[in-house]
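Following: one structure in structure tokens, then a few remarks.
All of the numbers you see were taken from the coordinates with simple rules; none came from a lab. From a predicted model like this one, the values you see are computed outputs, not experimental measurements. A quick note on method: Cβ atoms are made from the backbone with ideal geometry, for glycine too, and the neighbour counts reach across all protein chains shown.
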Amino acid sequence: MRAADIPDDISEVLLTEEQIHEKLAELAQLVVADYAGKEVVLVGVLKGAVMVMADFARHLPRHITMDWMAVSSYGASTRSSGVVQIRKDLDTDITGKHVLIVEDIIDSGLTLSWLLENFASRGAESVEVLALLRKPDAMKVEVDCRYVGFDIPNDFVIGYGLDYAEKYRNLRDVAVLAPHVYS
Ligand code: XMP
Ligand code: MG
């Protein structure tokens, strides 16, 4: 669905599907150059990063492998609890591998900083982060993110994989959720 299909649920469209695709193509070019001659494992963080992973990975003109991790720090709330739980671990061994974590959004940064430490402790050769969105005003911990799509304001956003209580993931655009939906 598009933002125009749910006008009452959103207060503003931040990014259209077209803008997102253009940005992912740009980031793919950077990644291809940076990882020349290296084997890359893309690790998507479920469920929010599904769309980013699908579209980003298909912009890469080379072989990669993909794995998925499911962690949870939000539940049905719009704030991070800071407590990260592994719901699904990696299927593959990342020892000695070049890992690129693919994320939908860096909000407080708590989830990612936890993941970065976790992956480093498994002996990955390198661990970098690609995030479609980042909220600079919400960050509670400094996270080194090599590839960032867009810096956005500190509002709760939905769409393009991002949900509120499991809804809106299939919205093609990224939009600000209207406050009346969650308050
Ligand atoms: P943190 O705060 O740990 O965020 O950087 C971790 C995960 O929480 C989700 N998240 C959001 N989901 N709208 C959403 O639909 C948002 O504005 C939002 N902020 C954080 C997201 O999955 C992120 O990876
Ligand atoms: Mg996520």
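Listing for the model above:
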{"read-out": "Sites ARG122 and GLU18, calculated FRET efficiency, Cβ-Cβ separation with R0 41 Å, nearest 0.05", "value": "0.65"}
{"read-out": "Gain upon complete extension [ASP93, PHE150; 0.36 nm per residue less C-alpha separation]", "value": "17.4 nm"}
{"read-out": "Average Cα contact separation per residue, the chain, under 8 Å, 6 or more apart, as relative contact order %", "value": "27 percent"}
{"read-out": "Rounded to the nearest 20 debye, dipole of the chain from Cβ charges on Lys, Arg, Asp, Glu", "value": "340 debye"}
{"read-out": "Förster radius 30 Å - calculated FRET efficiency between GLU39 and ASN170 (Cβ-Cβ, nearest 0.05)", "value": "0.40"}
{"read-out": "Debye log10 I(q)/I(0) for the stretch 17-161, one point scatterer per Cα, at q = 0.12, 0.15, 0.19, 0.21 Å⁻¹", "value": "-0.45, -0.72, -1.20, -1.49"}
